[in-house]
1. Can you tell me the length gained on complete extension of the stretch Glu180 to Leu140, counting 0.36 nm per residue apart and subtracting the Cα distance?
2. Which semi-axis lengths, in whole Å and largest first, follow from the square roots of five times the eigenvalues of the Cα gyration tensor of the chain?
3. Nearest 0.05, what FRET efficiency do Ile161 and Ala189 give at R0 = 25 Å with Cβ-Cβ as r?
4. If you stretched the chain out fully between Glu224 and Arg119, how much longer would it get, using 0.36 nm times the residue separation minus the C-alpha to C-alpha distance?
5. Mind checking the per residue accessible area of the chain for me, 1.4 Å probe, whole number of Å²?
6. Take the solvent-accessible surface of the protein heavy atoms, probe 1.4 Å, and return the percent of it on the chain that carbon and sulfur atoms account for.
7. So if I take the alpha carbon set of the stretch 10-111, get Rg, then get Rh from the Kirkwood formula, what is the Rg over Rh ratio?
8. Could you tell me what fraction of 2.2 N^0.38 Å the Cα radius of gyration of the stretch 78-135 comes to, as a two-decimal ratio?
Amino acid sequence: MQDAPLGQSNRPTVTLRVPPAGCEPDRRARLDTIVRLCDVALWDLDVPMEPAPGAVWVVRRTVLEVQRWPVAAETLSVSTWASAAGRVWAERRIDLTGQCGAGVRLATLWASVDPISGRPTRLSGLPGVADPRRRVPIGLTHLEPPDGSTSHLWPIRRSDIDVLNHVNNSVIWTAWEDTECGAVASVGAGGRFETEYRSQLFHGPCELTRSPDGTQVWLGVPGERPAVSVRSV
């Protein structure tokens, strides 16, 4: 993952505290809590993120790297910058550092799409980025659940729906935490995780699928291709 740009000490930064309600009994902040804190930080910082005229930003992929887990009530410094951009996409980096030693890095790939057709829409101008020469793979690479995967119903709640009237992007991280994958995570170990979003989910029945080796989960409507997945990498 790209490091913070050298000499850019004036990156937008905000201070937040980890809510205990979003943590495990060992005080580890859950992945969905970390993602929601980043969302709050972007709004608090009023980060300019304008897609093409008439288009909307849609998250396609997030890579989350935990060097040390944040813990309950820890004060975090959250900084962000635009790390790369192309004709129809942009990548934003977010770093979280904590007073107790927490260290988390995220890279999120956003696509500019037409809200009616869902087709990519070309940006009218590229945002200022840390390294204009940097290019990011924008294709999705997560495979379908392999043979031997196990599934069970995982209903979407009304509280999972956000202001855009679809399932919030953080919910797949909640699903990951709801499996044995999250159960074995501990505050003493880090990790690297990647989620990919292929389509939207809405309120109603959903199915959570877990890979045989426990390193990946998928969430989608029963009988349809999974809409989103997260894996440990």
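The values are calculated or read from the model by the stated rules, or taken from the named source; none is laboratory data. Just so you know, these numbers come straight off a predicted model, no measurement behind them. Note: ideal-geometry Cβ built from the backbone for every residue, glycine included; neighbour counts use all protein chains shown. Ligands, DNA and RNA are excluded from the accessible area calculation, which covers all protein heavy atoms including side chains. Shrake-Rupley method; radii C 1.70, N 1.55, O 1.52, S 1.80 Å.
1. Values: separation 40, 0.36 × 40 = 14.40 nm, distance 2.49 nm.
Fully extending the segment from Glu180 to Leu140 adds 11.9 nm.
2. That gives 26, 24, 16 Å for the three semi-axes.
3. Details: r = 33 Å, r/R0 = 1.31.
Step by step, r from the Cβ atoms, then E = 0.15.
4. 35.7 nm
5. That works out to 52 Å² for each residue.
6. 53 percent
7. On the way: Rg = 14.1 Å, Rh = 14.2 Å.
Using Cα coordinates only, the ratio equals 1.00.
8. 1.38
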